[in-house]
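I have placed the structure first, in the form of structure tokens, so that the comments after it can refer back to it.
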Amino acid sequence: MSGIYSRGIARIRHATTGEIFEIAADKLEWAEFASDERQMGPEIGYSAAVEHPALGQLTWELWEYPLGAENMKETHVNGHELLDNIDFGLQHFPDDDDEPEALPSLAVRLAAFPQQLDALERALEQLRNASPMLGHNQPPSEFQMGVGDAEIAAAQDSIAEVRAELASPAAIDAADPVVVERAASRFAKLAETVRSWLTWAAGKAGTGIVTGIGAGAGTQLWESRVELLETVSRVADTLAAWAQHLIHLL
């Protein structure tokens, strides 16, 4: 069966005062709010709303169609500015008679983390250099992924900060939770951007993903983004688990 996961923290800037507020993922309570029968079965809409004393009503929405597949996501922040979003989406949960899959311990995950950071660094460099593939000069704005040099640089800064925390012999318990949580939030946001682009690109698959590029370049572009999503999601998941562990030690 499928369910909705949500993790991380949303940061929202007030449209009038400029004050920045944080909304934790554990504040979201998901419920079905819409259902419509379509060609491949029902399309189901889920939403989670937070009534914030300063920001007003904030809503997160997700549509499942066909059953078991994530179709579309939206976040509404009541006219304010969404700086960082909660990472949320549809995932498969084992049935009651399925054997639960044991997750590796945090120590095991952190032991493999340097290699994952290496892979992420390579993927970020590919992303920085990918724009020439999208056209002779710069691609039309609707074809751009929305990840700029500043966001890539921030992600690279977080990689360097996390590596410094990992250098401590007691890193698993003594790392700075602020550094780890910041990195987790950045990579969760990057994963959401890449996931949204892949959803859009899937609808353009019949035209070579992006108008104006050849099939070979289109395939390469698609595969590199899938790899980036897998890599950054894996890194974000490990960082989120590490941050949660550190916070519980406080």
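The values are calculated or read from the model by the stated rules, or taken from the named source; none is laboratory data. Model, not experiment: these values are computed from the prediction. We place every Cβ from the backbone using ideal geometry, glycine too, and count neighbours over all the protein chains shown. For the accessible areas, the whole protein counts, side chains as well, though only heavy atoms, and no ligand, DNA or RNA atoms are used. Shrake-Rupley method; radii C 1.70, N 1.55, O 1.52, S 1.80 Å.
General observations
- Any hit, region 26-37, residues being open to solvent by less than 30 Å² (accessible area, probe 1.4 Å) and among the small types (G, A, S): no
- Just one residue in the set V147, V232 is among the hydrophobic types (A, V, I, L, M, F, W, C), modelled with pLDDT under 90, touching a Phe, Trp or Tyr at 6+ places or on another chain (Cβ under 9 Å) and not in a helix (DSSP H, G or I); that residue is V147.
- When region 87-122 is limited to residues that are closer than 17 Å to E151 by Cα and open to solvent by less than 60 Å² (accessible area, probe 1.4 Å), the one that is modelled with the lowest pLDDT turns out to be L120.
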